[in-house]
Amino acid sequence: MKKRMGRMAALVMLFVIMSGLAACNSKSAAGAGSPATVQAATTDQAEADQAEAADQAATDQTEAADSAAAGKRVYFAAPLFSESERAYNLKIVSILEKYGYEVFLPQRDGFLAPELEGKTESEKIKMIFEKDRDEVLKSDILFILLDGRVPDEGACVELGIAYANGKRCYGFKSDARSVELDMDLNPMIAGCFTKLFYNLDEEELIKSLEEYLQSNEL
């Protein structure tokens with residue numbers, strides 16, 4: 001009788017152990033998932049990794065572009081009240097842009113006529129002043145055309161704002177009409193410049209700018 005009871009106890013204990021092992025195996029199988037589930041999870045992870053890599057590449061490209069543009073943003077200050085003045089401005093700007101400079105040219109990049117329609121004079125003044133001032137402040141360089149009996153008044157204000165805020169300032173001049181006291185320019189204008197490009201021959205002046213840009217940064 002005792003032997004029979006011992007055998008029964010051993011069988012019960014074996015049954016409990018086997019049941020426990022079966023439950024563990026069932027949980028492991030559930031955790032591992034089917035082959036299809038595993039494959040789907042792997043595919044999702046791969047797609048997520050590819051998306052993250054694409055986002056990082058786009059970020060790197062944007063940062064590289066910003067880095068390349070850093071220090072090369074130019075505000076182009078010049079008279080723009082006649083067709084010949086606007087054409088000349090575009091000619092000089094095209095040279096700067098050819099050498100990688102990002103140029104803000106008010107006649108091209110400022111407010112369009114429809115944007116000013118219906119505005120009062122005071123509203124137009126405020127809009128134009130604030131736009132041009134802000135663009136000067138965002139720039140690294142101010143490039144000013146100085147031709148005329150006197151340099152354009154608005155361009156001179158832009159020059160003053162740029163100089164007072166530590167921008168690099170360059171003058172461009174092919175006109176001798178502002179000569180006074182044996183000086184080509186008012187000292188308060190000339191004193192702002194990192195460099196003045198000056199030649200009474202307009203074509204030679206343009207040539208000198210191109211030659212400078214071939215081996216120098218503004």
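The values are calculated or read from the model by the stated rules, or taken from the named source; none is laboratory data. This structure is a prediction, so every number in the text was calculated from the model and none was measured. Positions of Cβ are backbone-derived with ideal geometry, glycine not excepted, and every protein chain shown enters the neighbour counts.
The table below gives the values:
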{"quantity": "Hey, S84 loosely packed, with under 13 Cβ neighbours inside 10 Å, farther than 19 Å from I206 by Cβ and without any contact (Cβ under 8 Å) to a residue 12 or more places away in the chain or not", "calculated": "no"}
{"quantity": "Some residue of segment 209-216 being more than 29 Å from the chain's Cα centre (by Cα) and either assigned to a helix (DSSP H, G or I) or touching a residue at least 12 places away in the same chain (Cβ under 8 Å) (or both)", "calculated": "no"}
{"quantity": "Qualifying positions in segment 143-155 - part of a helix (DSSP H, G or I) and crowded, with 18+ Cβ neighbours inside 10 Å", "calculated": "A155"}
{"quantity": "Any hit, segment 151-171, residues being modelled with pLDDT under 95 and of a type in the set (V, I, T)", "calculated": "no"}
{"quantity": "Residue in segment 188-196 that is more than 23 Å from R73 (Cβ to Cβ), modelled with pLDDT under 95 and either in a helix (DSSP H, G or I) or in contact with a His (Cβ under 8 Å, 6 or more places away or on another chain) (or both) present", "calculated": "yes"}
{"quantity": "Residue check, N165 polar (S, T, N, Q) and closer than 29 Å to E204 by Cβ", "calculated": "no"}
{"quantity": "Residue match in segment 157-169 (condition: closer than 19 Å to L218 by Cβ, among the aromatic types (F, W, Y) and not in a helix (DSSP H, G or I))", "calculated": "no"}
{"quantity": "Single match in E158, E135, E202 (criterion: in contact with a Ser or Thr (Cβ under 6 Å, 6 or more places away or on another chain) and touching a residue at least 12 places away in the same chain (Cβ under 8 Å))", "calculated": "E202"}
{"quantity": "Number of positions in segment 86-133 that are more than 20 Å from G154 (Cα to Cα), assigned to a helix (DSSP H, G or I), of a type in the set (K, R) and more than 18 Å from the chain's Cα centre (by Cα)", "calculated": "1"}
{"quantity": "Restricting segment 156-166 to residues that are surrounded by 23 or more Cβ atoms within 10 Å (Cβ to Cβ) and not small (G, A, S), the residue that is farthest from L80 (Cα to Cα)", "calculated": "L159"}
{"quantity": "Residues being within 25 Å of the chain's Cα centre (by Cα) and either hydrophobic (A, V, I, L, M, F, W, C) or closer than 14 Å to L105 by Cα (or both) - total across segment 141-161", "calculated": "8"}
{"quantity": "Every residue from segment 129-150 that is β-branched (V, I, T) and at pLDDT 95 or above", "calculated": "V136, I141, I144"}
{"quantity": "Lone qualifier among S208, S174, S215 - being of a type in the set (G, A, S) and touching an Asp or Glu at 6+ places or on another chain (Cβ under 7 Å)", "calculated": "S174"}
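For (1) more than 30 Å from C192 (Cα to Cα); (2) at pLDDT below 65, each residue gets a yes or a no:
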position: T43; (1), (2): yes, no
position: E47; (1), (2): yes, no
position: D55; (1), (2): yes, no
position: Q61; (1), (2): yes, yes
position: A77; (1), (2): no, no
position: N89; (1), (2): no, no
position: I92; (1), (2): no, no
position: G100; (1), (2): no, no
